[in-house]
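Computed from the coordinates by the stated procedures, all read-outs in this text should not be read as laboratory data. Keep in mind it's a predicted model, so treat the numbers as computed, not measured. Neighbour counts run over all protein chains shown; Cβ positions are idealised from the backbone, glycine included.
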Amino acid sequence: MLYDYRKEYKTPMSLVLENGFSIEGEFIDLRIATDTLPEGKVWYHIRHSDDDWSELASLKNGCVVVNFCGTFVCDPISDFPLGSELEITDWTYLN
């Protein structure tokens, strides 16, 4: 099931990826319908680790099936092709 971005609770979050990129966006612990996103924003899926569902492991440009943690909505990330996945080295909630 996909949910409407406009109707769901969003948590501001910052991610640091293995390539050194630091990205700010919004975390939603659901799968979001792309047609409900604000113009210019895209979604990425966050995967949790195998051992701990609360430990973020990676950000994928595409759908995560196994170990889905949530959706990260932000401006498009450059040099991050569809299907690519990058390890999350650090993260924090911005609230």
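General remarks:
- Scanning the stretch 16-27 for residues that are under 15 Å from residue 42 (Cα atoms) and not acidic (Asp, Glu) yields 23, 25, 27.
- Answer residue from the stretch 82-95, given it is in a loop (DSSP other than H, G, I, E, B) and polar (S, T, N, Q) and is surrounded by the fewest Cβ atoms within 10 Å (Cβ to Cβ) among those: 95
- Scanning the stretch 3-62 for residues that are touching a Pro at 6+ places or on another chain (Cβ under 9 Å) and not β-branched (Val, Ile, Thr) yields 5, 6, 24, 25, 26, 27, 40, 41, 61.
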